[in-house]
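Heads up, the thing below is written out as structure tokens.
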Amino acid sequence: MANDVEKYDVVIIGGGPAGLTASIYAQRRGLKSLVIAAELGGQMAKISEIENWPGEEKINGATLALHMKNQAEKLGAKITYEQAIKIEKLADISISVKTTQKEFIAKSLILSFGKTPRSLRVPGEIELMGKGVSYCVNCDGPLFKNKSVAIVGGGNSALGAAVMMSGIAKEIHLIHRKDQFRGEEYMIKKVESLKNITTHMSSQITKINGETSVEGVELSNGKTLSVEGVFIEIGFIVNDSLVEDILEIDKFGQVVVDSHQATSLPGVFAAGDLTNMPFQQLIIACGEGATAALSAFDYIQKVF
């Protein structure tokens, strides 16, 4: 691997909206950048219809990801589809990023590999993803105006999703596998006060029905609910094994950053859903990616 080393001003791990935006801004600042991505677009690429992207009434997530990729490459960014397996700060303050195939040396590093929503692992979930099954109520909630939906989970995310959807959907079925919610008390009381929310405690979805779109769900208690959407709000998995030994991580497994997207390790920045910043939205991830790139530029100017 030592004979196959490539050098960059900035290496970006993650090919979602934050990472692609970071590469665009890095290139525009004259930085030689590399994006290491397991896949193009991240969670954005799995969204069938994005309706809150400025300037576009509606756009497919995979299409938007391709537009971002093309723009970055046109500016000179390199994108490689590999898995990063090790990050190391070197004695000369540069940073080594190793993949299964190569080693890359960078003056700065931007982490933007996001996080993965926990899945139910039930029949119909994968087949109907983007066809009524969603992991983002803020992204897809407005698509279900005056419709019936199921929301799975018992924490603040699920409770907040139910409250939000109560003003959009006709009927909400909130399904939790335990006999008590684990969210904050004021959220629980709010849910209980809303007449179009029905709770199903000590229950789990065992199957999501539908051919081309969601038509209903089957529960472990034998009930079948007729719904047109299923929002899975049971948390996320952050793949922090790459950085847990070198960066400050909060109790939720998220990378801690400041207002400049800087992490606890000089020269390393982070953006998007893997950070502890609030409001995980597509446009906010892009803004954080831009901030990270500009901060990386300033860091390189001062240190190298």
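The values are calculated or read from the model by the stated rules, or taken from the named source; none is laboratory data. Just so we're clear, the structure is a prediction, and the values are computed from it rather than from any experiment. Cβ sites come from the backbone with ideal geometry, for glycine too, and all protein chains shown count toward neighbours.
Structure summary
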| read-out | value |
| --- | --- |
| Breaking point among (1) assigned to a loop (DSSP other than H, G, I, E, B); (2) crowded, with 18+ Cβ neighbours inside 10 Å; (3) touching a helix residue (DSSP H, G or I) at 6+ places or on another chain (Cβ under 7 Å), for Phe113 | (3) |
| Residues that are buried (at least 24 other Cβ atoms within 10 Å of the Cβ) and in contact with a strand residue (DSSP E or B) (Cβ under 6 Å, 6 or more places away or on another chain), drawn from the stretch 1-35 | Val10, Val11, Ile12, Ile13, Gly15, Gly19, Ala22, Ser23, Ala26, Ser33, Val35 |
| Selection within the stretch 164-201 - under 15 Å from Ala150 (Cβ atoms) and in a helix (DSSP H, G or I) | Met164, Met165, Ser166, Val191 |
| Residues that are touching an Asp or Glu at 6+ places or on another chain (Cβ under 6 Å) and within 22 Å of Thr224 (Cα to Cα), drawn from the stretch 153-196 | Gly153, Ala158, Ala161, Asn196 |
| Residue that is nearest to Asn138 (Cα to Cα) [pool: residues in the stretch 252-304 that are part of a loop (DSSP other than H, G, I, E, B) and aromatic (Phe, Trp, Tyr)] | Phe279 |
| Test set (1) out of contact with any Lys or Arg (no Cβ under 6 Å at 6 or more places or on another chain); (2) over 22 Å from Leu31 (Cβ atoms) - Gly235 fails condition number | (1) |
| Unique match (being among the aliphatic types (A, V, I, L, M), at pLDDT below 95, within 23 Å of the chain's Cα centre (by Cα) and closer than 23 Å to Ile126 by Cβ) among Ile237, Ile232, Ile246 | Ile237 |
| Count - residues of the stretch 54-108 that are over 23 Å from Gly41 (Cβ atoms), in contact (Cβ under 8 Å) with a residue 12 or more places away in the chain and surrounded by 15 or more Cβ atoms within 10 Å (Cβ to Cβ) | 8 |
| The one condition in (1) within 21 Å of Ser119 (Cβ to Cβ); (2) modelled with pLDDT of 95 or more; (3) not small (Gly, Ala, Ser) that Val163 fails to fulfil | (1) |
